[in-house]
Amino acid sequence: MSRYELKPRPGNGVIKAVIGWDRPLQSFFAQVFTPTEDEPDEGEATIWLGTEPGELPTPEAAIRVVEAYADIPETLAASLAADRHATIGMVDGVHQTRAKLSLFGTRS
């Protein structure tokens, strides 16, 4: 799994945006955090995509989710693609397989 924290754009109420690759789900993920009264510095993920198998299949799909809220480094899509490429051939362990069966009713 990879995870990149992105610098939020000013003026949109966002305190953090995160993007990355989740190998067990075979999906990129994107999160946008806004402050809450209880956690003004950490906030909560008010946008969170990539929690279902294959939901965000490309780096560009994940970037589109966060690009309105955060600055996107020029190299981010290539870094995300490299993260995915580095996991080719990896298989789920016993616990990941059981979790997928429980959550999604599938092994893949």
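The values are calculated or read from the model by the stated rules, or taken from the named source; none is laboratory data. Fair warning: this is a prediction, and the values are worked out from it, not measured in the lab. So basically every Cβ, Gly included, is an ideal-geometry build from the backbone, and we count neighbours across all protein chains shown.
Overview of results
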item: Lone qualifier among 70, 77 - being more than 15 Å from residue 21 (Cα to Cα) and either touching a residue at least 24 places away in the same chain (Cβ under 8 Å) or in contact with a helix residue (DSSP H, G or I) (Cβ under 9 Å, 6 or more places away or on another chain) (or both); result: 70
item: Number of the condition not met by residue 21 [criteria: (1) out of contact with any helix residue (DSSP H, G or I) (no Cβ under 7 Å at 6 or more places or on another chain); (2) within 17 Å of residue 73 (Cβ to Cβ)]; result: (1)
item: Count of residues meeting criterion [closer than 20 Å to residue 81 by Cα, in a loop (DSSP other than H, G, I, E, B) and without any contact (Cβ under 8 Å) to a residue 24 or more places away in the chain] in the range 2-51; result: 1
item: Residue that is modelled with the highest pLDDT [pool: residues in the range 75-88 that are assigned to a loop (DSSP other than H, G, I, E, B) and either among the aromatic types (Phe, Trp, Tyr) or more than 17 Å from residue 53 (Cα to Cα) (or both)]; result: 75
item: Residue satisfying all of: in the range 1-28; among the charged types (D, E, K, R) and under 25 Å from residue 95 (Cβ atoms); modelled with the lowest pLDDT among these; result: 23
item: From 71, 41, residue being on the phi < 0 side of the Ramachandran plot and either surrounded by 12 or more Cβ atoms within 10 Å (Cβ to Cβ) or under 12 Å from the mean Cα position of the chain (by Cα) (or both); result: 71
item: Selected residue [closer than 19 Å to residue 1 by Cβ and of a type in the set (Val, Ile, Thr)] from 36, 58; result: 58
